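First the structure, in the form of structure tokens, and then the observations on it.
The values are calculated or read from the model by the stated rules, or taken from the named source; none is laboratory data. Small disclaimer: the values here were computed from a predicted structure and weren't measured. Here the Cβ positions follow ideal geometry from the backbone for every residue, glycine too, while neighbour counts run over all protein chains shown. Only protein heavy atoms, including side chains, enter the accessible area calculation; ligands, DNA and RNA are left aside. Shrake-Rupley method; radii C 1.70, N 1.55, O 1.52, S 1.80 Å.
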Amino acid sequence: MSRCGGPERRAMFRVLCLFAAFDAVCLLDSGMLFPRESPSREVKELNGLWDFRADRSPNRNQGFERAWYKSRLAETGPVIDMPVPASYNDITQDPALRNFIGWVWYEREVVVPARWAADEDIRVVLRVASAHYFSIVWVNGVKVAEHEGGHLPFEAEIGSLIRKDPTAPCRITIAVNNTLTPHTLPPGSIQHMDDRTKYPDGFFVQNIYFDFFNYAGLHRPVVLYTTPKAYVDDITVVTDFSDNTGVVKYKVSVQGAATATLKVSLIDKDGRSVASSSEPSGVLKVVDVKLWWPYLMHENPGYLYSMEVRLIASDKSSPYEDVYTLPVGIRTVNVTSTQFLINNKPFYFHGVNKHEDSDIRGKGFDLPLIVKDFNLLKWLGANSFRTSHYPYAEEILQMCDRYGIVVIDECPGVGIKDILSFGNASLAHHLDVMDELVRRDKNHPSVVMWSVANEPASEMPPAEFYFKTLIKHTKDLDPTRPVTYITDSNYARDKGAPFVDVICVNSYLSWYHDSGHLEVIPIQLNTQFENWYGKYQKPIIQTEYGADAVSGLHSDPPIMFTEEYQNVVLQSYHKVFDQKRKQYVIGELIWNFADFMTAQGITRVVGNKKGIFSRQRQPKAAAFILKERYWRLANQTGRLPPWTKYPCPL
Ligand code: GCB
């Protein structure tokens with residue numbers, strides 16, 4: 001019942017999409033529309049306290065051996081309260097739980113509205129938005145879903161199970177395992193230490209090749225939602241415009257009905273229907289279109305229409321109606337050898353890299369934090385971010401759509417360093433993850449580019465086939481957006497660069513190399529850009545640069561880890577960006593928006609401190625330098641109305 005993709009489907013999919021680029025986006029076997037309430041749909045959030053137990057048995061397998069899913073978790077052993085959504089790692093005082101590797105068990109009993117159980121014509125769907133990393137779900141002891149991957153949603157239809165005994169509570173059990181292997185995304189490996197003179201019995205560690213804490217648990221909302229038996233399963237929109245006419249090419253896929261009548265209407269912000277159709281796929285034309293523009297590029301950024309899809313189906317006696325409303329932004333994206341164009345106008349990325357990360361919650365979805373972060377982005381004058389190093393919550397992308405924040409949407413392909421992670425098993429999984437990512441995020445106007453990986457060992461020989469296949473697959477899935485991966489390798493040896501649309505480079509000059517020597521930045525950065533552009537003639541984004549600074553640590557002359565050193569690193573990079581953005585550099589994304597937690601190690605002082613804000617979102621000196629710069633850039637590169645002329649009014 002899991003809805004993730006399989007190899008056969010992918011093979012068929014690839015062949016078909018050669019013939020029909022637009023249809024290609026629609027061929028995944030089922031949709032993954034965000035659960036929204038409508039006159040025909042209800043959503044019941046299952047956020048709150050769940051019963052929780054980590055399986056601390058030596059092989060972490062006791063839960064399966066003793067079938068913990070068959071009865072209430074509290075009946076098979078001790079349980080603790082665990083908030084959902086949240087990472088479990090930082091919730092208790094127990095260091096063993098903070099560093100736990102293996103299966104943890106969550107359980108919650110839900111009261112399901114009686115009419116959901118009574119009405120056979122209602123589909124009841126359980127949706128888990130993010131469970132890191134591998135999960136198995138049971139309802140009343142019956143397995144309903146299994147999913148690999150920690151950052152994308154999965155679903156199971158559970159109506160028939162609820163109806164078996166409508167008066168009994170519905171017990172949902174979710175087992176989640178955070179173990180990473182060379183074939184997971186991100187990859188990792190388990191190392192057992194067998195020298196009993198050094199390590200206790202059963203000692204093992206999880207090796208990871210990425211620089212953030214491997215938080216785990218139910219990270220995003222778990223919901224139950226309903227649809228009628230015949231329902232809108234998926235919608236795909238691709239937009240364009242010519243002069244002042246907007247074009248919305250759409251395709252609706254319907255499940256559960258042999259025949260159905262559709263009404264598709266595009267409604268503007270004032271509630272006026274501006275175009276409509278009764279076909280399952282077609283083109284809607286919008287006269288006097290209001291385009292979707294990035295923040296600071298237009299006085300009215302993030303303009304969204306609503307596409308209301310109304311389905312009426314009938315089988316034998318009863319008619320069904322389903323209504324789903326999708327926000328739609330009309331915009332185009334194009335790349336030339338020197339520019340990134342949004343609505344045919346050059347767009348310069350001045351933004352940040354982020355993490356889903358905060359005190360106590362870890363990677364848990366948290367609206368106060370999310371809204372605070374958007375307010376900080378606006379304050380900073382940032383027009384974009386990259387979802388380093390995994391897909392973020394859908395609610396975050398919805399805010400980007402509304403605020404006009406441009407997104408480079410990255411899959412969890414971070415830390416692909418081992419040759420084992422370039423094999424067929426890894427590639428097949430990576431293709432599946434791209435299927436799931438594109439299926440989830442394809443309709444967001446804010447998403448302008450896919451990033452398939454961060455800093456893989458792209459100089460290794462198998463990287464050529466791997467990235468050629470992966471990038472082609474992603475372009476087949478979505479021919480409307482450029483595709484890239486983020487590199488830190490040598491321009492001459494990088495095997496994947498010929499296949500990307502935009503060169504995205506990370507570098508930490510005067511930090512990891514020539515530490516303390518700020519004077520090397522101008523020459524080395526200039527060389528970096530000239531080399532990459534000289535070889536590939538593709539536009540370049542500096543997707544990471546920065547330096548650690550411990551908030552409140554000062555030194556003049558600047559020395560490493562002080563706020564002054566971070567400032568000078570940034571300013572030295574900026575001077576070179578200002579020369580090169582006149583040519584082919586199309587963006588700069590600071591590493592990082594905020595300090596974040598990492599694994600423990602001798603180069604990290606309670607986490608990575610390259611944030612321009614602390615983990616608690618307080619500014620370091622660098623935040624003011626960047627704010628000054630970003631507003632200035634917005635005035636030079638955006639098309640701002642007079643009221644936003646620098647200095648910013650905020
Ligand atoms: C990088 C990685 C990022 C790290 C950063 C650093 O190149 O992409 O995940 O956190 O460097 O601070 O070392």
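One table, with the values for the structure above:
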{"read-out": "Of all residues in the stretch 343-357 being under 21 Å from the mean Cα position of the chain (by Cα) and away from the ligand (no atom under 16 Å from the Cβ), the one that is farthest from residue 238 (Cα to Cα)", "value": "350"}
{"read-out": "Selected residue (criterion: surrounded by the fewest Cβ atoms within 10 Å (Cβ to Cβ)) from residues of the stretch 320-341 that are more than 23 Å from residue 301 (Cβ to Cβ) and touching a strand residue (DSSP E or B) at 6+ places or on another chain (Cβ under 6 Å)", "value": "321"}
{"read-out": "Matching entry among 442, 417 (being within 16 Å of the ligand (Cβ to nearest atom) and of a type in the set (D, E, K, R))", "value": "417"}
{"read-out": "Verdict on residue 426 being farther than 22 Å from residue 541 by Cβ and either open to solvent by less than 10 Å² (accessible area, probe 1.4 Å) or within 16 Å of the ligand (Cβ to nearest atom) (or both)", "value": "yes"}
{"read-out": "Considering residues of the stretch 77-106 that are more than 26 Å from the chain's Cα centre (by Cα) and without any contact (Cβ under 8 Å) to a residue 12 or more places away in the chain only, the residue nearest to residue 201 (Cα to Cα)", "value": "95"}
{"read-out": "Criterion violated by residue 360 - all others in (1) open to solvent by less than 10 Å² (accessible area, probe 1.4 Å); (2) away from the ligand (no atom under 16 Å from the Cβ); (3) among the hydrophobic types (A, V, I, L, M, F, W, C) satisfied", "value": "(1)"}
{"read-out": "Extreme residue, nearest to the ligand (Cβ to nearest atom), among residues of the stretch 535-550 that are open to solvent by 10 Å² or more (accessible area, probe 1.4 Å) and in a loop (DSSP other than H, G, I, E, B)", "value": "550"}
{"read-out": "Some residue of the stretch 364-381 being open to solvent by less than 10 Å² (accessible area, probe 1.4 Å), acidic (Asp, Glu), under 24 Å from residue 33 (Cβ atoms) and not in a loop (DSSP other than H, G, I, E, B)", "value": "no"}
{"read-out": "Unmet criterion (only one of (1) in contact with an Asp or Glu (Cβ under 9 Å, 6 or more places away or on another chain); (2) under 30 Å from residue 294 (Cβ atoms); (3) surrounded by fewer than 22 Cβ atoms within 10 Å (Cβ to Cβ)) for residue 553", "value": "(2)"}
{"read-out": "Residue selected from the stretch 600-624 under the condition within 11 Å of the ligand (Cβ to nearest atom) and part of a loop (DSSP other than H, G, I, E, B), by the criterion farthest from residue 636 (Cα to Cα)", "value": "603"}
{"read-out": "Members of the stretch 474-492 found to be open to solvent by less than 10 Å² (accessible area, probe 1.4 Å) and of a type in the set (S, T, N, Q), listed by number", "value": "474, 484, 487"}
{"read-out": "Count - residues of the stretch 152-190 that are more than 23 Å from residue 126 (Cβ to Cβ) and either open to solvent by 80 Å² or more (accessible area, probe 1.4 Å) or without any contact (Cβ under 8 Å) to a residue 12 or more places away in the chain (or both)", "value": "1"}
{"read-out": "Segments classed as strands (runs of 3 or more DSSP E), wholly inside the stretch 165-209, with at least 3 members that are over 28 Å from residue 155 (Cβ atoms)", "value": "188-192, 204-208"}
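A quick yes/no check of all residues on (1) away from the ligand (no atom under 16 Å from the Cβ); (2) part of a loop (DSSP other than H, G, I, E, B); (3) farther than 29 Å from residue 420 by Cβ:
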{"position": "467", "(1), (2), (3)": "yes, no, no"}
{"position": "504", "(1), (2), (3)": "no, no, no"}
{"position": "511", "(1), (2), (3)": "no, yes, yes"}
{"position": "516", "(1), (2), (3)": "yes, yes, yes"}
{"position": "519", "(1), (2), (3)": "yes, no, yes"}
{"position": "523", "(1), (2), (3)": "yes, no, yes"}
{"position": "526", "(1), (2), (3)": "yes, no, yes"}
{"position": "529", "(1), (2), (3)": "yes, no, yes"}
{"position": "533", "(1), (2), (3)": "yes, no, yes"}
